[in-house]
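All of the numbers you see were taken from the coordinates with simple rules; none came from a lab. Nothing here was measured: the structure is a model prediction, and the numbers come from that model. Heads up, the Cβs are rebuilt from the backbone with ideal geometry, glycines too, and the neighbour counts pull from every protein chain shown.
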Amino acid sequence: MSLQSAQDARRPGYYGRPIVKPPEWTALIPTYFWAGGWAGASATLALGARLSGKPRAARALCVAAAAGSAISAFCLIADLKKPARFHHMLRVFKPTSPMSVGVYLFAIFSGGTMTAAASELSGLLPPLGRLGEIVAGLTGPFMSVYTSVLLGDTVMPAWHNARTTMPALFAATSASTAAGMGLCVVPAAEAKAVRRLAVVAAPAVTVALARLKAELGEFQHEAYQRGKAAAFARAARLLNLGGLGCALFARRSSRAAKLAGAMLLGAGLCERFAVYHAGKISAEDPSFTIARRAEVPHGATSY
C-alpha cells in the first residue's frame with residue numbers, strides 16, 4: 001500500500017470520501033436566497049409604509065420587492081437549467097415537502113409584487129395593485145425565511161444541525177438587507193422606519209450568528225471557519241458592522257444612508273454565500289457527519 005493510500009485509509013468514512021452528497025448548486029442559489037430575502041422583507045415594509053401614509057416610501061419599496069422577485073426567479077430558473085422544470089414543480093402540491101410549499105409561496109409572492117409594481121408604475125388598475133401589495137406584504141415574512149427551512153431539511157451537517165437557528169439568521173439578514181435597500185431608494189423624508197430597522201436588524205444578525213454557533217458546537221461550526229465560507233463570513237461581519245455605523249448617521253447625511261444601504265446589502269449577500277459554502281464543506285468532509293452521529297444516543301438516529 002502506498003503512503004497516500006495509507007493516509008486515505010486512516011481518514012474518517014470510506015477512504016475519506018464524502019458520506020453525504022455535496023450540493024451541486026451554483027452561485028445562483030445563494031443569490032436567489034439573498035434576493036428573495038430582501039424582496040420579502042421589502043414587500044412587508046412597503047405595506048407598512050402604505051398603511052402609515054408614506055406613499056413615496058411604499059412606491060420605492062414595492063418596486064424594490066418586485067426587482068428582488070425578478071432576480072430570484074431568474075436565479076432559480078437558470079439553476080434548474082430548463083425553465084419547464086419550474087412549471088412542472090407547480091403541477092404537484094405536497095404539504096409535507098418544504099420545496100413544494102416554497103415553490104407555491106414564491107409563485108404567490110412574486111405574482112403579488114409584480115402586480116403591485118406594474119400598477120404603481122403604470123397607474124393602471126389601482127385596486128388590483130393594492131390587492132397585490134397586500135398579498136405580497138402578508139406573504140413577505142414567509143418568503144424571507146422559507147429558504148432556511150429548505151436548507152435545514154437537507155442532510156448537509158452545517159445546515160441540518162443548525163436547523164433551529166437558521167430561520168432566525170435568515171430573518172435577521174433579510175430584515176437588514178431590506179433596510180439597506182430602503183436606505184438606498186426611499187426618500188430621506190420618509191426613511192425613518194428603514195433607518196430604525198437597519199439599526200435593530202444589523203445587531204440581530206450578530207446575535208443570530210452567535211446562537212447558530214452555540215447550536216452547532218465548536219467542532220461542527222468549523223465548517224463556517226474554513227475556506228470560502230470563512231472568507232465570506234469575515235466580509236459579512238465587516239460589512240454589517242460598517243453598515244450599522246453608517247446607518248447611525250443616515251438621518252444627517254444622505255451619503256451615509258446610501259453607503260449604509262450598500263454595505264448592508266453586501267453583508268447579506270456575503271452571509272448567504274458563507275452559509276452555502278459551509279454546507280458544501282461539511283458535506284465534503286465526512287468527519288462532520290461522523291462526529292454528529294457519534295453524539296446521538298444509542299437507538300436514536302441523527303437524520
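Scanning segment 221-253 for residues that are surrounded by 22 or more Cβ atoms within 10 Å (Cβ to Cβ) and of a type in the set (S, T, N, Q) yields one hit, ASN240.
Elements of the type helices (runs of 4 or more DSSP H) sitting completely within segment 227-294 and holding at least 1 residues that are within 18 Å of ALA198 (Cα to Cα) and not β-branched (Val, Ile, Thr): these cover 227-247, 254-284.
Entry remark, segment 109-147: residues being touching a Leu at 6+ places or on another chain (Cβ under 7 Å), within 30 Å of ALA208 (Cβ to Cβ) and not acidic (Asp, Glu) number 6 in total. Out of segment 35-51, which residues are in contact (Cβ under 8 Å) with a residue 12 or more places away in the chain and over 12 Å from THR177 (Cβ atoms)? Result: ALA43, THR44, ALA46, LEU47, GLY48, ALA49, ARG50.
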